[in-house]
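Trainee: A single structure is presented below for examination.
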Amino acid sequence: MKTYKPTSKSRRQMTNVSYRGILTESQPTKSLTHGFRRSVGRNSQGRITMRHKGAGHKRLYRDVDFLYNKKEIPAKIKSIEYDPNRSAFIGLAVYKDGEKRYVVLPKSVKRGSSFVVSEKASLEVGNRLPLKNIPVGTFVYNIEIKPYGGAKIARSAGIFAQVVANADRYTNIKMPSTEIRKINENCWASIGTVSNEEHHLENYGKAGRSRWKGIRPTVRGTAMNPVDHPYGGGEGRQGRGTKRPKTMWGKVTGGRKTRGPKKYSNVFIVSRRKTGKNK
């Protein structure tokens, strides 16, 4: 991590990932980028569905390959790059036939490293193969939920899932949330752990850096008036005043299970994630 001299109150606690020794390219490949409009917490009608999002620096979207549909063709990592739209580092993969694609990089991979997507690939970091061919105990990332549906699970910085068991045409995967879930054994996954594992240690240090990233201020419920929040009102600082924690709209949070009892994927959950003090 990179720290700073305490030239101001915000600088004293500011930390950042040291990109200088990791990244090899400062500009993205133009053919793999395009402009886009971020949702900033709005739905298709323009109404706010998630608060505290908006503005932020303009971004270019990098087309990252999550399908990995080029099989049996080895690829070499030409560069390691920063992606403002995700927490992990991305790399420019150049396949042997000349095609270029961006991929999410695993930990410890350097420029010049190679990988292959194949059912017979070796168990080396970066290689991609079906779950049925991955032994128990292996750390994996970029996991599919449905065969050939593209990577959906374990894609953010420093994250990994673990193969727990293989039986009855399903593979049991221990998720980063500690949940154990059954996934079709024909789904593909990559070997290793996602890069930029120090991302969660980053301290923005000042409100301005949050605004650059599109994070707007959050007001505490206790600082509001009674009309605006269940915790609002009172002279000076007050306790919560309600038996259970609530949202601004009075919905109970913190402890109540919110997963739908008829959700289609309930049958695939072997063990629910641990929450609260049990985690």
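Trainee: Using a 10 Å cut-off on Cβ atoms, rank the peptides 55-63, 89-97 from the highest mean neighbour count down.
Mentor: 89-97, 55-63
Trainee: Once the dipole of region 1-121 is set up with Lys and Arg at +1 and Asp and Glu at -1 on Cβ about the Cα centre, which of Pro6, His57, Asn16 lies farthest towards its positive end?
Mentor: Pro6
Trainee: In the neighborhood of Val136, defined by Cβ-to-Cβ distances under 13 Å, what is the net charge if each Lys or Arg adds +1 and each Asp or Glu adds -1?
Mentor: Every neighbour counted, the sum reads +1.
Trainee: Another one. From the C-alpha gyration tensor of region 27-155, pull out the three semi-axes of the equivalent ellipsoid (sqrt of 5λ each), sorted largest to smallest, in whole Å.
Mentor: 30, 19, 13
Trainee: In addition: When the Cα centres of region 1-77 and region 240-279 are compared, how far apart do they sit, in Å?
Mentor: Cα centroid of region 1-77 versus Cα centroid of region 240-279: 30 Å apart.
Trainee: If you don't mind, there's one more thing I want to ask. Using helices alone, I'd like the mean residue ellipticity at 222 nm for the chain: each DSSP H run of four-plus residues gives -39500 (n - 2.57), total over residue count, nearest 500.
Mentor: Working: 2 runs with 11 residues, N = 279.
So the calculated ellipticity at 222 nm is -1000 deg cm²/dmol.
Trainee: If I take the Cα coordinates of the chain and project them onto the principal axes, what are the three extents in Å, biggest first?
Mentor: 69, 51, 39
Trainee: Taking a threshold of 18 Å on the Cα-Cα distance, which of the pairs Lys182/Lys263; Lys30/Lys100; Lys70/Lys96; Lys71/Lys182; Lys78/Lys100; Lys76/Lys96 fall above it?
Mentor: Lys71/Lys182
Trainee: Which one, Ser26, Ser44, Ser177, has the greatest fluctuation when you compute a Gaussian network model over the chain with C-alpha springs under 10 angstrom?
Mentor: Ser44
Trainee: What dipole magnitude, in Debye to the nearest 20, does region 219-279 give about its Cα centre under +1 on Lys/Arg Cβ and -1 on Asp/Glu Cβ?
Mentor: 600
Trainee: In debye, nearest 20: dipole of the chain around its Cα centre with unit charges on the Cβ of K, R (+) and D, E (-)? Don't skip to the end; give the middle numbers.
Mentor: Working: 59 positive and 19 negative charges, 295 e Å.
Here the size comes out at about 1420 debye.
Trainee: Going down the list Lys5/Lys58; Lys246/Lys274; Lys206/Lys274, which pairs span over 31 Å between their C-alpha atoms?
Mentor: On the way: Lys5/Lys58 29 Å; Lys246/Lys274 21 Å; Lys206/Lys274 33 Å.
Where the Cα-Cα span goes over 31 Å, the pairs concerned are Lys206/Lys274.
Taken together, the values in this text are just the output of simple stated rules run on the coordinates, not laboratory data. Bear in mind the structure is a predicted one, so any value in this text is a computation, not a measurement. Here the Cβ is made from the backbone with ideal geometry for all residues, glycine too, and neighbour counts use every protein chain on show.
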